[in-house]
Every structure is written in C-alpha cells, then in structure tokens.
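Novice: I have a structure I would like to understand better, so I am pasting it below and will then ask my questions one at a time.
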C-alpha cells in the first residue's frame, strides 16, 4: 500500500490533472497478436542490406592508406556486413563501384579500389553531410537527450551511423567541431563515450508532438498542451486486425493513457505499469523517427536499452503494437521499422542522404545486370547533372507497381512466430 501511495504522489507531480493521473490505472485487456509478414517492408530491408554493405565497403576502401583493400583483409567481414554471401563474391557483383586488379607483389591476391563513379558519388555524399550538418547535430543531440546520463558509448553509436546519417568518421570530423554541444568522456564501463554538454529545450519535442502540432491534428495538440487530452499514435494495422473488437478496444484504451515525452524524466513511473509501457513505445517511436530510413536493427537498440530506460524484453513491444511497428526477420537478423514512415513500401519524406543512396543502389544494380561492361555504363555527366536521379525514380515506380500487385493478394498473411528477445 505504501508503494502505491508513493507512486500516486510521484505521478501527481508529472500529471497535475487528476483525470490524467487516474488513467494510468485503467485495466487494459491485452490481446495476444500473431506476427504478420509485410512483404513490401521486407523487400526494403532486403534491398538496403546489400546497399548498406556496399556503402560500408566503400568507406573502408576510402579509409585505407593505400586506397585499396586486398581479399585477405576483408575475408572475415561477411557477418559484420550482414551478408549472406562471401565478401569477395559480393564485391565482384558490382564492377560499377569496385574495380578488381591483381596485387603488385602477389599476382593471385585480388585487390579492390573504388571506380570513378563510386568516388563521384562519395564526393556528393560529403557535400550532403556538409550542407545538412546542422540537421545531423540536432539529430545526435536529440538521441543523447533521451539517454538517462545524456551519454552514449562510441561502440554503440558506430553501428548506428548508417541509420542516423552520421559521417563515416563522425568522432573525428563532427564531435570535436562542436565543443559547445558534445564532449568525449569515459563511460562507467570504461569505454569512450560522447556526452551532451548542454540541454537544448527547443529540441525536447518529439516527432509525434511535432507532427500533431503542424498537421491536421493541430487543435488536439493545443488541447494536449493544456492538459485536456492525450496524443494518439498513428496506427496502421495489418489486414484483418482493425476489425477485431478486442484489438480495437485494447488500442482505444492504450491511446487514452497519458503520452509521456521521451525527453521527460521517467524515473518516478512504476516500471510495471501500463503508463511505463506507453512511455517505452514513445521512446522507440522517437528513436526510429530519428533514423533517416525509419528503421534499425534490434541489437543496436539493445546496446542502449538501459540508457533509454526501456524493458529488458522490449522486442515484445514491437509485436504487441503491430499498428505502430513492424518486426522483420529478413537477412538472418531482426530489424524493426516505423510503419508510419513508409507508404506502399517507400519512405514518406526521404532525407537527401537517402536520395543519394538510391542513386548508389541504381549504380549497383546496373553493374549487376551488365557485369561484363558495367564500369562504363553510367556516364559521369549523368551523375553530375542528376539525370541519374530521374532514372532511379523511374525504376522505383516499376518496383512499387510490383509490390502493389503482391500486396493486393496476400501482402499481410498470418504467420505465427515466437519472436522474443534472445
């Protein structure tokens, strides 16, 4: 009883409105939902796995002092890159990006350097990083603001640099450049970490709050700011779920719970309450909103779980709320995507870096289709004049039509799976 009284006292500080404070004790009838496969999002994840691997290899070759990599140096990278084929075979698939040549001393040792097309695309990528540097800084600030200690280990940030749109060597070119925002510290576990220097109140607004403020829900957002209502997550259920009465009732009760900003202090909330579960959903929603592809791997989230103050078995939140998240098992890994970030298998508001990566993928695909003569298939002028971007969009339209045809039949079919945290 004492524990209940202490919790109620703490929640009054968080929620001065008694009606809102009372809502956290509503008894929500939870429904066990089956995992449902989404083929269009699986296709995106499958495609971008190879794209990410190619970009990481491009960065590794660029970092090399010699300007090339030998087959021996990347022999053990297959698992690290998330590939299902050996790295040597992968590089040979894409002659438009990677040029193979024999080693100067060891004729039987294959070596790979970047083609002129790959170098040109890389220079465009660096230009995008420079032009959108302030946006990158804000994204990193928001990420650190969600951490309990305002700190994140570098070993946890490095795997996320692709998802967050950070430069390859961000710890050298980005962090030291902004000492008023970040500084290097030693984490309690003894590893190097990045800490937020100063809290920025203007950034402590979640993506859900921003979308409601400027969107059609503006009136409801003003009521939310006055404490008269709660913010609702956008739901996009797999086919068949929306018509189930139990699911509808469950989601209605969930939406009525108070929305806790991921930037607010959550230490006073009962970790076993429905309110804390909604807060965890909000944190995961905001985290995925900060990624430029609106998705990331589950393991990347796990490394930051304690700092984000989310449950140990947080994977069940993705399967429990299929209207908000999609959990994919493609490419021998577990990836989680924010469903509202996609429409018909395409990103709703792609970041300029995403557009550049689409051009990169088009170059990859051209090399795969015409492997024998792929190096000379894409004129330098096409890339400089952005003609290639139009070709990418044309190719996307063809793929989207194919996805719609697949989805019109059984895009969402029931497939049970015991998806749990490992």
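The values are calculated or read from the model by the stated rules, or taken from the named source; none is laboratory data. What you see is a predicted model; the values in this text were computed from it and never measured. Cβ: placed from backbone, ideal geometry, glycine included. Neighbour counts: every protein chain shown.
Novice: Being over 15 Å from residue 314 (Cα atoms) and in contact with a helix residue (DSSP H, G or I) (Cβ under 7 Å, 6 or more places away or on another chain) is the filter here; which residues of region 262-281 pass it?
Specialist: Scanning region 262-281 gives 262, 263, 266, 268, 269, 270.
Novice: Taking the criterion of being modelled with pLDDT of 55 or more and surrounded by fewer than 20 Cβ atoms within 10 Å (Cβ to Cβ), would at least one residue in region 390-413 satisfy it?
Specialist: no
Novice: Can you name the residue in region 65-82 that is in contact with a strand residue (DSSP E or B) (Cβ under 6 Å, 6 or more places away or on another chain) and not in a loop (DSSP other than H, G, I, E, B) and, of all such residues, is surrounded by the fewest Cβ atoms within 10 Å (Cβ to Cβ)?
Specialist: Going through the qualifying residues, I end up with 70.
Novice: I want to confirm something. Restricting to region 83-133 and keeping residues that are in contact with a helix residue (DSSP H, G or I) (Cβ under 9 Å, 6 or more places away or on another chain), free of Cβ contacts under 8 Å to residues at least 60 places away in the same chain and in a loop (DSSP other than H, G, I, E, B), which single residue is farthest from residue 48 (Cα to Cα)?
Specialist: The extreme case among them is 86.
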